[in-house]
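> Provided herewith is a single structure, encoded as structure tokens, for subsequent inquiry.
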Amino acid sequence: MTRLRLISTAAALLLVACRPPPAGPLPPSAGLGAPLLARQKVVATHAGVRRGFDAVLQYDGTTLLLLALTPMGTKAFAIRQQDRAVVVESFARGPDGREVPIPTDPTEILRDIHRALFTPTGPTHPDGWQRVDDPTAEKRVGRRPAPLFQRWRRGAVVERIYGPRRRTSSARITYPTPLTSTSRTLPERVELDHPSRDLHLSIHTLSTTPLPPIAH
């Protein structure tokens, strides 16, 4: 049973790593908001296969840390971002003594976290679609910045599209709990669609605890 649970966890983590090629450097980890610690449940569905795992997300004011957990509640792997540097550490081992696989592209996992949870809405906008520059995309000299479309409803963002709004391959994020410009906690639930990889992520934030800044 333990072996099957570790294999299931590894499959879920690798599903999360199924991403298009990198879209450029990550936004820096400083200035994302107030320090916090969140317990989350992540469910990944790829090509009809559904897997889930628990995670802890911590932000101390300068460093962003995602800690994925095994079904037994032990550490599977950690992805840490400080400024734009990304470090990955594996902890879990299977019955054969080998490390449980870690995502092949942790940068894209962090990009999803930035996009879904830490990208500010900006000032309140009238109902409907709003086009802004994507702060998570690579900026190229002489080219118009990549678009981020936000759909506003009653003073809150209920949907985001990264890329052309009518392109079916663009990444889409929906907020069943609408995101406001004054939100001080993480949204309770976020749904992310990556059509180009036939991947859907559902992030459930179970609890959020404010933290004091950590001295470095």
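Laboratory data are not the source of any read-out in this text; all were calculated from the coordinates shown. These numbers come from a predicted model, not from an experiment. Cβ atoms come from the backbone with ideal geometry, glycine included; neighbour counts cover every protein chain shown.
> Between Val56 and Asp105, what is 0.36 nm times their sequence separation minus the Cα-Cα distance? Round to one decimal in nm.
15.8 nm
> Rank these for me by crowding, Trp152, Trp129, going from fewest to most other beta carbons within 10 Å.
Trp129, Trp152
> Using 0.36 nm per residue of separation minus the Cα-Cα distance, give me the extension gain between Ala85 and Asp133 in nm, one decimal.
15.0 nm
> From the square roots a ≥ b ≥ c of the eigenvalues of the alpha-carbon gyration tensor of segment 113-216, which class results: rounded (a/c under 1.5), prolate (a/b over b/c), or oblate?
rounded
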